[in-house]
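*Asks:* Dropping the structure in here first, questions after.
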Amino acid sequence: MTFNIRPFDRVIRELCRLPGVGPKTAQRLALFLLRENQENNERLADAIRELKINIRFCKRCFNLSEDEICAVCNNPQRDQSMICVVEEPVDALAIERIGEFRGVYHVLHGVISPLDGSYPENIKIKELMERISDDGVEEVILATGANVDGDATALYIANLLRGRVKVTRIARGLPVGSQLDYADQGTLLKALEGRREF
Amino acid sequence: MRINHINITRFRNLHDFRLELSPGVNLFYGENGHGKTNLLESAALIVNGRTPRASRIHEVVPHDGDFAKWEIELNVEDVHNRVECVIERGNQKRLIVDGQARKKLPGHDKGVWALTFFPEDFKILTGEPFNRRRFLDEIILLTEPAYMRVLKSYKEAYAARNAMLKSRVTDGMSFEPYEEILSNLGIEMTSRRAKATEELQNILERLSQDEFGDEISIALEYKPSLESFVRAENPVEQLKEAYGKSRPRDMAIKRTMLGPHRDDFTSTFSDEDIRKFSSRGETRLSVVALIIAKYHILRQRWNLNPVILLDDIFSELDQTRRRKVLKALPKDCQLMITAVDRDLSKKWLEGMNDIAMFSVLDGKINRDE
Ligand SMILES: [Zn+2]
């Protein structure tokens, strides 16, 4: 649906690219922005513009970072021999919020999912393997989601690492099919503490 | 559990009436096409959350209206809940329990449930195998709601492996994780279905002994797709290996062949294959027997009496068999039954307690004086 008012349609088109935003929602958001005062809109535009300039992915763990190497990877107090593998930056954030995990992360940026055309080469598995050969890693904790794709991704990585390092999988206490960031902290801590060797 | 009242505003051709039901037998009589089945469907839709008929849920909205709306008062161990259901054209079904919007009926995962027989259920025995898989899975789900996760995960892993078979991916490393998941879940589904079939079989045998008599013997035999694996020493490992070996063939046809998605069970009536040799009456009797067996399994699990909805259960049965079916029906459950003829049905029900008769005419239902 277009209004044939170019600046308006352009905003709708751009908003539609966002995950979870359909044409109807995009239209509503665009109307909201149209009524909003100019100053607020500029602030939003600035924030979006600066996102990619000031934030990048950590070269080592691929989590969000302001510097080349993120604060977690750079922290000498963190145990570099223990890597927790997660699907997305939000998952690392969820574990970080518990404040109990002393190791470092590796963010895959996705999950193996043939139905969505996502295969091992589409996520940061190769990079994880490289880290393991250099860093003197002792344990890899697989904290991908408790669903079929999350399990398959964990199995794939475990098969690659078999015999090289200790590989563990977080326990099954999570709600069915859950993503880590939806689980509450207690559940997450239990899942992490109850991890088992593959 | 039982239904105290049904209050129909609009539902298919039914409109504007309120019924007080008997805790015992409720018989709805009238010519076909006046709304008997629709009434049973309205109760099933609230209690079970879905229509037992082949149609889609929006078809319950009347042709000349924009919505369907009806209400039942449910009585589960003396706790009363007023449950209203509204379906507007183009919108999701809405459930309102005591004035509060709800996703599910309270107690739905604890055996609150209606046992139904609709003519569509013939398909369990005479239709495609997926009808039989669904029948077994439903029994397992009703006794063990967590089985849903097994079914859902299996379906996802199956779809994922199929997607991979259609893609350019050929390396074993990529296939193995999904094959391991399929192996674990496949063996689990097979053993659960085997157990469910065995339980059904035991109950059917008991029914023959106690209620039906020797001349009626119904037997089931589960035919798992993974038959050769479940007997193996290490079924999951063996199955995983078999998935690996079957990859070239599966890639050629672009579909996973091995697994419980191809299960079936066979059924016999007096040692004859029902699909090939049985009459309509024998088939009907067998389906009803299966449904009674399902009741016993649930009863054992939850110790709750479901409401029993039987649509047109008596036709095609002779007098002796009709009597046997009535005798085999659970005694302590509320029944809602449909039939065409009032006086005949009344005679059939002789000896049963708390009988209420309802006339169904042109979308209106009235309780007889
Ligand atoms: Zn980092």
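*Asks:* List every residue pair whose Cβ atoms lie under 6 Å apart, where the two residues are 6 or more positions apart in sequence or sit on different chains, the first residue falls within the stretch B:58-79 and is of a type in the set (Asp, Glu), and the second residue, located anywhere, is in a loop (DSSP other than H, G, I, E, B).
*Replies:* As it stands, the answer is B:66/B:89, since those pairs meet every condition given.
*Asks:* Then there's this: Name the strands (runs of 3 or more DSSP E) wholly within the stretch B:1-104 that hold at least 1 residues that are in contact with a Pro (Cβ under 9 Å, 6 or more places away or on another chain) and either open to solvent by less than 70 Å² (accessible area, probe 1.4 Å) or of a type in the set (Ser, Thr, Tyr) (or both)?
*Replies:* B:2-11, B:14-20, B:67-76, B:79-88, B:93-97
Conditions (1) modelled with pLDDT under 95; (2) open to solvent by 90 Å² or more (accessible area, probe 1.4 Å); (3) away from the ligand (no atom under 13 Å from the Cβ), marked per residue:
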site	(1), (2), (3)
A:50	yes, yes, yes
A:54	yes, no, yes
A:63	no, no, no
A:94	yes, no, yes
A:114	no, no, yes
A:126	no, yes, yes
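*Asks:* What number of residues within the stretch B:7-29 satisfy the criterion of being of a type in the set (Val, Ile, Thr) and touching a helix residue (DSSP H, G or I) at 6+ places or on another chain (Cβ under 9 Å)?
*Replies:* So the count comes out to 1.
*Asks:* Just for the stretch B:153-166: of the residues that are within 8 Å of chain A (Cβ to nearest Cβ) and either farther than 13 Å from residue B:255 by Cα or at pLDDT below 95 (or both), which one is nearest to the chain's Cα centre (by Cα)?
*Replies:* B:153
*Asks:* Sticking with this one: Can you name the helices (runs of 4 or more DSSP H) wholly within the stretch B:162-261 that have at least 3 residues being touching a helix residue (DSSP H, G or I) at 6+ places or on another chain (Cβ under 6 Å) and not acidic (Asp, Glu)?
*Replies:* Hits in the stretch B:162-261: B:172-207, B:235-253.
*Asks:* Pairs please, first residue from the stretch B:341-356 and touching a residue at least 60 places away in the same chain (Cβ under 8 Å), second anywhere and surrounded by 13 or more Cβ atoms within 10 Å (Cβ to Cβ) and of a type in the set (Gly, Ala, Ser), Cβ atoms under 7 Å, 6+ apart in sequence or on different chains.
*Replies:* Taking only residues 6 or more apart or on different chains, the pairs are B:345/B:339; B:352/B:24; B:353/B:24; B:354/B:22; B:354/B:24; B:355/B:22; B:355/B:24; B:356/B:22.
*Asks:* Report, by residue number, each residue of the stretch B:169-186 that is at the interface with chain A (Cβ under 10 Å from one of its Cβ atoms) and open to solvent by 30 Å² or more (accessible area, probe 1.4 Å).
*Replies:* Residues satisfying the conditions are B:171, B:173, B:176, B:180, B:184.
Listed here are the residues, each with its yes/no results for (1) within 14 Å of chain B (Cβ to nearest Cβ); (2) within 13 Å of the ligand (Cβ to nearest atom); (3) open to solvent by 50 Å² or more (accessible area, probe 1.4 Å).
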residue: A:6; (1), (2), (3): no, no, yes
residue: A:12; (1), (2), (3): no, no, no
residue: A:27; (1), (2), (3): no, no, no
residue: A:30; (1), (2), (3): no, no, no
residue: A:35; (1), (2), (3): no, no, yes
residue: A:46; (1), (2), (3): no, no, yes
residue: A:59; (1), (2), (3): no, yes, yes
residue: A:76; (1), (2), (3): no, no, yes
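*Asks:* Moving to a separate point now. If you check residue A:86 against the conditions, is it in contact with a Ser or Thr (Cβ under 8 Å, 6 or more places away or on another chain) and within 13 Å of the ligand (Cβ to nearest atom)?
*Replies:* yes
*Asks:* Considering only residues that are within 14 Å of residue B:216 (Cα to Cα) and touching a residue at least 24 places away in the same chain (Cβ under 8 Å), which ones fall in the stretch B:255-277?
*Replies:* B:267, B:268, B:269, B:270, B:271, B:274
*Asks:* Return only the number of the condition from (1) within 16 Å of the ligand (Cβ to nearest atom); (2) assigned to a helix (DSSP H, G or I); (3) open to solvent by less than 30 Å² (accessible area, probe 1.4 Å) that residue A:137 does not satisfy.
*Replies:* Condition not satisfied by residue A:137: (2).
*Asks:* Considering only the stretch A:140-185, how many residues are open to solvent by less than 40 Å² (accessible area, probe 1.4 Å), modelled with pLDDT under 80 and away from chain B (no Cβ under 14 Å)?
*Replies:* 2
*Asks:* Specify which of the listed residues (A:72, A:107, A:86) is surrounded by 15 or more Cβ atoms within 10 Å (Cβ to Cβ), in contact with a Leu (Cβ under 7 Å, 6 or more places away or on another chain), within 24 Å of residue A:195 (Cβ to Cβ) and more than 14 Å from chain B (Cβ to nearest Cβ).
*Replies:* Unique residue meeting the criteria: A:86.
The values are calculated or read from the model by the stated rules, or taken from the named source; none is laboratory data. Everything numeric in this text was worked out from a predicted model, so none of it was measured. We place every Cβ from the backbone using ideal geometry, glycine too, and count neighbours over all the protein chains shown. Remember, those area values only see protein heavy atoms, side chains included, never the ligands or the DNA or RNA. Shrake-Rupley method; radii C 1.70, N 1.55, O 1.52, S 1.80 Å.
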